[in-house]
Amino acid sequence: MRLISAAVATLALTVGAQVATAAPVELKFSHVVAENTPKGQMATKFRDLVAERLGGKVEVKVYPNSQLFGDNKVLEAMLLGDVQMAAPSLSKFNKYTTALQIFDLPFLFKDMAAVEKFQQGPAGQKLLGSLEKKGLVGLGYLHNGMKQLSASDPLRVPADAAGKKFRIMASDVLSAQFEALDAVPLKKPFSEVFTLLQTRAIDGQENTWSNIYSKKFFEVQPFITESNHGVLDYLVVTSKEFWMGLDDSTRTELKKALDEAIAYGNKVAGDKAEEDKKAIAESGRSEVLSLTDAERQQWVEAMKPVWKQFEGEIGADLIEAAVQSNN
Ligand code: SIN
């Protein structure tokens, strides 16, 4: 009898020790931008909220600045289980779905309020599931902002871009957008853009104020045209395997923390678009060019034929839903 009690006690101690030392689930969050950007700050906020609420159960580790994976590799790595969360720009899912190409259509959304309305409406919410067949789960949209054109020469009208090389994200719509200007689009990872611009291997690029500022593109691009011609937003993604492998309450808590972190990131995005534009204008390194209505109309006319080119892949109904979000 004494022997049995001793064995039970030993077993209880062993199990207790195992429970006490169970390692937290590691959640690696990889991204390519600086920590002081909307995405960088959202990721940090998420890490902190999870530490506060799920400390000991889940540990979020954030890897900024393409430290862990660049945007051309992160989704493959996620499917292999090497990273659990990322928020690539919506333009970087081209290999996985054509549905998200809607966000790349030039001059589709008049401002970020229209983008938000579309994303939160039924069509935008349905798109969150567009990666499911590929084993990825869209957890939510995050804003960065409207894109501007930067270049080594002033770009006032579309003819100024003709023959020039522009770095683009890996999106066929963006490729078509620059081809419509008779320019040369080059798909390159974000981590290479500064050097390509600095060495004049390319003439220009398109990006948001916060990316142009935080990655110092403005120091090597003497002209930035305030074109607001497209949107650069993100999709926070995880793999189905990781997400469904969590217990229900952990998954619910993580989603809650993520939603709060996204709301925070969206606020940062709004503030930074203003602040970083101002900082660039005041730096004296780059001239910010405003377009007249007539000049802007020329860009619209040059780029908008791209819509028709991709209507078959994206769907006329979806494009119409996005157009309606401008009202
Ligand atoms: C990002 O904001 O994540 C990068 C955007 C880019 O590749 O230009």
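The values are calculated or read from the model by the stated rules, or taken from the named source; none is laboratory data. These numbers were taken from a predicted model, which means no experiment stands behind them. Cβ coordinates were reconstructed from backbone atoms using ideal geometry, including for glycine residues, and neighbour counts include every protein chain displayed.
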Does E226 count as among the charged types (D, E, K, R), away from the ligand (no atom under 12 Å from the Cβ) and within 21 Å of the chain's Cα centre (by Cα)? yes
Considering only segment 294-303, I want to know if a residue exists there that is small (G, A, S), at pLDDT 95 or above and surrounded by 14 or more Cβ atoms within 10 Å (Cβ to Cβ). yes
Residue match in segment 89-103 (condition: under 15 Å from D233 (Cα atoms) and either touching a Lys or Arg at 6+ places or on another chain (Cβ under 8 Å) or aromatic (F, W, Y) (or both)): yes
Failed condition for N266, given (1) part of a loop (DSSP other than H, G, I, E, B); (2) in contact with a His (Cβ under 6 Å, 6 or more places away or on another chain); (3) not small (G, A, S): (1)
Would you mention how many residues in segment 151-204 are within 16 Å of the ligand (Cβ to nearest atom), within 15 Å of M303 (Cβ to Cβ) and part of a loop (DSSP other than H, G, I, E, B)? 1
Out of (1) without any contact (Cβ under 8 Å) to a residue 24 or more places away in the chain; (2) surrounded by 19 or more Cβ atoms within 10 Å (Cβ to Cβ), what's the single condition that is false for D248? (2)
Look at K267 and say whether it is free of Cβ contacts under 8 Å to residues at least 12 places away in the same chain and either surrounded by fewer than 20 Cβ atoms within 10 Å (Cβ to Cβ) or out of contact with any Phe, Trp or Tyr (no Cβ under 6 Å at 6 or more places or on another chain) (or both). yes
Would you be able to say whether some residue in segment 60-81 is charged (D, E, K, R), within 15 Å of the ligand (Cβ to nearest atom) and surrounded by fewer than 24 Cβ atoms within 10 Å (Cβ to Cβ)? yes
Tally up the residues in segment 41-88 that are outside any loop (DSSP other than H, G, I, E, B) and either among the hydroxyl-bearing types (S, T, Y) or free of Cβ contacts under 8 Å to residues at least 40 places away in the same chain (or both), please. 11
Could you list all residues from segment 287-324 that are outside any helix (DSSP H, G or I) and either touching a residue at least 12 places away in the same chain (Cβ under 8 Å) or within 25 Å of the chain's Cα centre (by Cα) (or both)? E287, V288, L289, S290, L291, K304, G315
For segment 24-39, name all the residues that are more than 9 Å from the ligand (Cβ to nearest atom) and of a type outside the set (D, E). P24, V25, L27, K28, F29, S30, A34, N36
Do the conditions hold for L197, that is, is it of a type in the set (A, V, I, L, M), in contact with a Leu (Cβ under 9 Å, 6 or more places away or on another chain) and either surrounded by 18 or more Cβ atoms within 10 Å (Cβ to Cβ) or under 18 Å from R167 (Cβ atoms) (or both)? no
Name the residue, out of K272, K267, K277, that is in contact with a Ser or Thr (Cβ under 7 Å, 6 or more places away or on another chain) and over 19 Å from T98 (Cβ atoms). K272
Condition first: modelled with pLDDT of 95 or more, within 16 Å of the ligand (Cβ to nearest atom) and not charged (D, E, K, R). Now tell me which residues in segment 82-95 satisfy that. V83, M85, A86, A87, P88, S89, L90, S91, F93
